Amino acid sequence: MVVRNKRLGEILQDVGLVTEEQLFLALEEQKVTRESLGTVLVKMGVVSSESLSQALATQFGMAVAKLSDEEIQDEALRKISPAVARRQKIVPIKFENNSLTVAMANPLDFLAIDNLRAMLGCEVVGVLSTVGDIEAALNKYYGTEEKTVDTMLDELSETDVDFNVKEQITTEEESDDAAIVKLVSLIILEAFRARASDIHIEPLEKKFRIRYRVDGILNEVPGPPRKLRGPVTSRLKIMAGMDIAEKRLPQDGRIKLNLLGKEVDLRVSTLPGLFGESVVLRILDKSSVLLGLEELGFMEDDLKKFESILAVANGIVLVTGPTGSGKTTTLYASLHTLNRPDRKLITVEEPVEYLISGINQSQVRTEIGLTFARVLRSMLRQAPDIIMVGEIRDTETAEISIRAALTGHLVFSTLHTNDAPGAITRLIDMGVKPFLVASSVQAVMGQRLVRIICQNCKEAYPPRMDELIQLGFDSSQKDKVKLYRGKGCSECNHTGFKGRQGIFELMVMSDTIQEMAMRSASASEIRKQAQEEGMRTLREDGIRKVLDGRTTLSEVLRITQQDVS
C-alpha cells in the first residue's frame with residue numbers, strides 16, 4: 001500500500017530509524033542547507049542511503065534495487081541515450097513485455113517518467129536506488145564524460161562571440177584574467193547554441209551550478225570549479241555595467257553582443273544568496289521575436305479569427321497566461337503585423353525587451369515615478385493609433401487603458417490570469433466598472449507554450465488505449481488515429497522536442513458575454529457561454545495539435561493541468 005499521506009520523517013520514526021530529537025535537529029539543519037530531509041539525515045550519519053531508500057520505497061509503494069547486484073540488460077541500456085540518462089539521473093535496468101524498468105533516486109520525479117513514456121512509446125516503471133549507486137552505474141555503463149575547464153576553453157573560437165560593452169575594469173587582476181573572459185564567453189555561447197531562453201548561474205554550498213532553460217525546461221550542464229564563482233560573477237557584472245563592489249543588493253543590467261553572426265541582447269539580474277550572488281541572464285534574440293502570426297502556432301480557423309480582431313479600429317485586446325507563456329511574443333507579433341507607415345504605434349513596457357523599428361517604445365521606471373499609468377497619460381497626448389501596455393497591474397492602469405480603447409484607440413495588453421474568461425472578472429475585481437469592461441474589451445486570448453516534436457527524429461506510433469480515451473476516442477477508432485513522438489537525436493539533445501509553439505483559447509466578446517460582464521457574472525459562467533459560442537479551451541486546442549502531429553499528448557496534459565473542461 002502506498003503511504004502518500006505520511007511524511008518521510010514520520011515513516012523513519014515509525015520504523016525506528018530516527019528519534020524525535022534527531023528529526024528535530026535534521027529539520028533545523030534543513031532550514032539552513034535547503035536540501036531534502038533525506039540528504040540531511042544521510043550527511044548527519046543518522047541513516048544510511050540504503051535505509052533511506054527502503055523508507056522512501058515504503059512511502060511510495062516502490063521496489064528497491066541495489067544496482068551492483070542487478071543484471072543490467074544491454075537492450076535496456078540502448079533504449080536511453082547517455083545524455084538523457086545523465087540528465088534525468090536514471091539507469092535503465094531491464095526491458096520486458098514493452099515495459100522499461102529504470103532506477104531512480106527521486107520518487108517524486110514524475111516528469112522524467114512521463115517524458116520517457118512519451119519518448120519511447122512504452123510503459124516505464126521506476127524503482128528506487130541510492131544516489132551513489134546511480135552515479136556509479138552511470139559511470140560504469142555510460143562512461144565518464146567530464147570535461148575539464150581547460151578543454152572547454154580550448155573548444156571556443158574567439159570569433160564566435162563579439163561583445164559590444166563598455167567595460168570598466170577596476171583591478172589589474174581582472175583585466176589580465178583572459179581565461180575567465182573566455183569561460184564566460186563559452187557559457188553564453190553554448191547556451192545560445194542550445195537554444196536556451198535563459199542561463200542560471202548559481203553558487204551552491206558545494207558546487208557552482210550552471211543551468212540552461214531550453215524549451216521551458218531547466219537542464220544542468222557541467223559547471224566550472226566552485227572557486228571560480230567570484231571571478232565569473234564579477235566578469236558578468238562588468239559586462240552588464242553593474243557595480244562589482246556591491247554584493248549585498250540585487251542589481252539589473254544589460255549586455256549587447258553578437259553571437260554566431262546574430263545580434264543578441266542579454267538581460268542580467270543578480271540576487272545575493274547564502275553562498276554568493278545568483279545570476280540569471282535572459283537571452284533576447286531579436287530574430288526570434290519578430291515572428292509573424294502564422295509562426296506562433298495558430299490553427300487556421302483561429303488565425304483568421306485573430307486577424308479579424310486585429311482589423312478593428314478600436315477596443316482593447318488582452319492576452320493572458322502565467323509568466324513564460326509567450327504573451328510578449330504574441331503582442332510583438334501583433335504589432336509587427338499592424339506596423340505600417342500610416343499608423344503611429346506606441347508601447348509602454350517594463351522593461352523594453354526588444355527594439356522594433358518604426359515603433360515608439362517607452363520604459364517604465366518606478367524608482368523615479370514613471371509608472372505605467374503616468375506614461376499612458378502622456379502617450380495619449382501623442383495621438384497614437386495603436387497602444388501596447390506591457391501589463392495591466394493596477395486599477396489606474398486598467399482604467400486609463402480601457403478609456404483609451406473607448407476613445408478610438410486600439411489597445412493591446414496582458415493580464416496574469418489562468419484562462420481567457422478569467423480576464424473579465426479580474427478587471428472587475430480590480431475596480432473597473434463592469435459597463436466599461438463590457439463596452440471596451442474586443443477579445444481575450446489565453447495561451448501556453450508546448451514543446452514541438454523534433455522534425456529530425458519524428459516518428460509515428462499507434463496510440464495506447466489510455467491515450468485514445470484522453471483524446472476522446474474509443475477502441476473501435478484505434479486504427480484511424482496516428483500519434484507522433486521524437487525518438488531523440490543530436491539535434492534535439494535527445495529530448496525528442498525542438499522549439500515551442502502556442503496553444504490558445506480565443507474568446508471574442510459577443511453581445512451575450514457583454515451582457516454577462518455588465519452584471520458581473522462569474523468566470524465559470526462566462527467560460528460556459530464562450531464554449532457554447534465556439535471557443536476551444538487550451539486543452540482542446542492542444543489536442544488538435546497532437547492529432548496534427550505537432551506535439552505529444554503528455555506535453556499537452558502537462559501544460560493544461562488546470563484546464564478541467
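The values are calculated or read from the model by the stated rules, or taken from the named source; none is laboratory data. All values reported here derive from a predicted model rather than from experimental measurement. With ideal geometry, Cβ positions are generated from the backbone for all residues, glycine too; neighbour counts draw on all protein chains shown. Remember, those area values only see protein heavy atoms, side chains included, never the ligands or the DNA or RNA. Shrake-Rupley method; radii C 1.70, N 1.55, O 1.52, S 1.80 Å.
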query = If you take the residues in segment 342-371 that are open to solvent by less than 70 Å² (accessible area, probe 1.4 Å), among the aliphatic types (A, V, I, L, M) and over 17 Å from SER401 (Cα atoms), which one is farthest from the chain's Cα centre (by Cα)?
reply = ILE359
remark   = Within segment 120-140, residues being farther than 16 Å from ASP466 by Cα and open to solvent by less than 30 Å² (accessible area, probe 1.4 Å) number 8
note = If you go through LEU335, LEU355, the only one that is touching a residue at least 60 places away in the same chain (Cβ under 8 Å), closer than 24 Å to GLN447 by Cβ and in a helix (DSSP H, G or I) is LEU335
When residues of segment 182-213 are limited to those that are open to solvent by 50 Å² or more (accessible area, probe 1.4 Å) and either touching a Phe, Trp or Tyr at 6+ places or on another chain (Cβ under 7 Å) or over 30 Å from THR495 (Cα atoms) (or both), the one modelled with the lowest pLDDT = GLU205
request  = Inspect segment 99-107 for any residue being under 16 Å from GLY61 (Cβ atoms), open to solvent by 10 Å² or more (accessible area, probe 1.4 Å) and modelled with pLDDT under 85 and give the result as yes or no.
outcome  = yes
note = Going through segment 296-327 in order, the residues found to be β-branched (Val, Ile, Thr) and farther than 20 Å from ALA405 by Cβ are THR323
inquiry  = Looking at VAL411, VAL389, can you tell me which residue is touching a helix residue (DSSP H, G or I) at 6+ places or on another chain (Cβ under 7 Å), surrounded by 22 or more Cβ atoms within 10 Å (Cβ to Cβ) and within 21 Å of GLU505 (Cβ to Cβ)?
reply    = VAL411
inquiry  = One residue is enough: does segment 486-496 have a residue meeting the conditions among the charged types (D, E, K, R), touching an Asp or Glu at 6+ places or on another chain (Cβ under 8 Å) and closer than 15 Å to ASP215 by Cβ?
reply    = no
inquiry  = Among the numbered criteria (1) in a loop (DSSP other than H, G, I, E, B); (2) under 19 Å from GLY253 (Cβ atoms), which one does GLU367 miss?
reply    = (1)
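Take segment 441-482 and flag every residue that is more than 30 Å from SER401 (Cα to Cα) and aliphatic (A, V, I, L, M).
Let us first name the residues in segment 441-482 that are more than 30 Å from SER401 (Cα to Cα), namely 450-482.
Across segment 441-482, the qualifying residues are VAL450, ILE452, ILE453, ALA460, MET465, LEU468, ILE469, LEU471, VAL481.
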ask   = Does ARG426 meet the test of being open to solvent by 10 Å² or more (accessible area, probe 1.4 Å) and closer than 17 Å to SER325 by Cβ?
value = yes
message = Looking at segment 247-270, can you tell me whether even one residue there is open to solvent by 80 Å² or more (accessible area, probe 1.4 Å), part of a strand (DSSP E or B) and of a type in the set (A, V, I, L, M, F, W, C)?
response = no
query = Taking THR329 and the conditions (1) part of a helix (DSSP H, G or I); (2) loosely packed, with under 14 Cβ neighbours inside 10 Å; (3) not aliphatic (A, V, I, L, M), which numbered condition does it fall short on, given that it satisfies the others?
reply = (2)
request  = Check segment 485-498 and report whether any residue there is touching a strand residue (DSSP E or B) at 6+ places or on another chain (Cβ under 9 Å) and more than 30 Å from ARG86 (Cα to Cα).
outcome  = no
request  = Would you mind stating whether THR159 is outside any helix (DSSP H, G or I), at pLDDT below 80, open to solvent by 30 Å² or more (accessible area, probe 1.4 Å) and touching a Leu at 6+ places or on another chain (Cβ under 9 Å)?
outcome  = no
remark   = Within segment 206-262, residues being among the basic types (Lys, Arg) and within 18 Å of LEU183 (Cβ to Cβ) number 8
note = By residue number, the members of segment 553-565 that are in contact (Cβ under 8 Å) with a residue 60 or more places away in the chain and either open to solvent by 10 Å² or more (accessible area, probe 1.4 Å) or assigned to a helix (DSSP H, G or I) (or both) are LEU553, SER554, GLU555, VAL556, LEU557, ARG558, ILE559, GLN562, ASP563
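Test ARG544 against the criterion of being of a type in the set (Lys, Arg), part of a helix (DSSP H, G or I) and open to solvent by less than 60 Å² (accessible area, probe 1.4 Å), and give yes or no.
Numbers: of a type in the set (Lys, Arg): yes; part of a helix (DSSP H, G or I): yes; open to solvent by less than 60 Å² (accessible area, probe 1.4 Å): yes.
Spelling it out, ARG544 is indeed of a type in the set (Lys, Arg), part of a helix (DSSP H, G or I) and open to solvent by less than 60 Å² (accessible area, probe 1.4 Å).
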ask   = Out of (1) at pLDDT 90 or above; (2) in contact with a helix residue (DSSP H, G or I) (Cβ under 7 Å, 6 or more places away or on another chain), what's the single condition that is false for LYS237?
value = (2)
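So, ARG519, is that one in contact (Cβ under 8 Å) with a residue 40 or more places away in the chain, of a type in the set (D, E, K, R) and in contact with a Pro (Cβ under 8 Å, 6 or more places away or on another chain) or not?
Numbers: in contact (Cβ under 8 Å) with a residue 40 or more places away in the chain: yes; of a type in the set (D, E, K, R): yes; in contact with a Pro (Cβ under 8 Å, 6 or more places away or on another chain): yes.
Yes, satisfied.
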